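Please treat every number below as a calculation from the coordinates, not as lab data. Note that this is a predicted model, so its numbers are computed, not measured. Reconstructed Cβ throughout: ideal geometry from the backbone, glycine too, with neighbour counts over all protein chains shown.
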Amino acid sequence: MSHHVLHVYQHGAILGKDRGFITSKADGQPERRLPLDDIRAVVIAARGVTLTSNFLSALMEKDAIVLHCDERYQPVGWTAPLARVIDLQTFQHQTSRPRKLNEKIWHELMRGKTLNQTRVLSHKKIKSPHLDLALQRDDFDEGNCARRYWQLFFPAIGWSASRRDKKEDTAPNKMLNYGYAVLSALCHRSLIVHGLLPQMGVHHMARYRSDSLVYDLMEPFRPAVDLMLAEFMIEPDVSMKAWSKKVGNDLRERRVKHDFFTLKLMDAIDASANSMARAYERLDAGEFWIPELPDIAAA
């Protein structure tokens, strides 16, 4: 089965359901159909789109998620299935907030994020002694690592900025914000599917309009979006529409190694959330799995 992130660009489109298919109708356009079972997420990136109740309920029943964007392609919210508990013991362990287990899981998240950041830089033939030393010592200062990483990343993609400021209205920041939002929607979906409470994080604190565990889980996946942007910035068309297509295609087509086989990136998100649920069930951080981006030096 090939799961898709479906982007809707047609203004005024009507999204519905016909038997086992999602349908899209728009003035002057032939009806488009996609098997419901193939859809992992839908990104609404157009104005005046109508979502029928059949469309929404069918997606929620299939554990898909809908991400809503404004006129500038910036995500503003999502529609997700109801949270559910698959394993009561897993849920109870998570909500009891086992401090040592959460610390170990967070450490693994930071190790995975830092390693994947070095892999992104290696694709641009750049090394970071600071990140390499953090990995060697297995000791991660999140703020310091991030600062050193962005100082190298932005110039490598041809941008003069040396830091990441998500509020800054520049093309790279807007593109990163968009990519991270699609990533967070998929993380949110996977956590719900595997019975975890998205609002209760291992490190990020719960706050208004925040799903802490979503932001925890997506940390080691963020460099995958950075890598997409590094590849994208050398393309002839660097519009937001082209970027949104790049994000959707890469989440479906880019693969990471998992034991003796490979997984699509969006399936790796699911596998990581599932392994987190097992870690809470067995109170063992060793159950937690984080994907690693390919190392071009070893290729």
At 7 Å along the Cα-to-beta-carbon direction for both LYS100 and GLU61, put a label point, then send me their distance in nm to one decimal.
4.6 nm
Treat the count of other C-beta atoms within 10 Å as a stand-in for reagent exposure and order LEU88, LEU131 from fewest to most.
LEU88, LEU131
If I model a spin label at ARG33 and GLN199 as a point 7 Å from the Cα along the Cα→Cβ vector, what separation in nanometres do I get?
4.1 nm
DSSP beta bridges in the chain [antiparallel fraction, %, rounded to 5]:
60 percent
Here the relative contact order (percent) of the stretch 88-287, from C-alpha pairs under 8 Å and at least 6 apart, is 26 percent
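Could you list PHE232, PHE261 so that the one with the fewest beta carbons within 10 Å of its beta carbon is first and the one with the most is last?
Sorted ascending by nearby Cβ count, the order is PHE261, PHE232.
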Would you give the gap between the C-alpha center of the stretch 86-105 and the C-alpha center of the stretch 8-84, rounded to a whole Å?
34 Å
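Please state the relative contact order of the stretch 4-79 as a whole percent: Cα pairs under 8 Å, 6+ residues apart?
So the answer I get is 31 percent.
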Rounded to the nearest 0.05, what FRET efficiency do LEU88 and ASP132 have when you use their Cβ-Cβ distance and R0 = 41 Å?
0.45
Label-point gap, in nm, between ASP139 and ASP70 - each point 7 angstrom along Cα→Cβ:
4.3 nm
Restricting to DSSP H runs of at least four residues, report the calculated mean residue ellipticity at 222 nm for the chain, -39500 (n - 2.57) per run over all residues, nearest 500 deg cm²/dmol.
-15000 deg cm²/dmol
Fewest to most Cβ atoms within 10 Å: ASP87, ASP216, ASP139 sort as ASP139, ASP87, ASP216
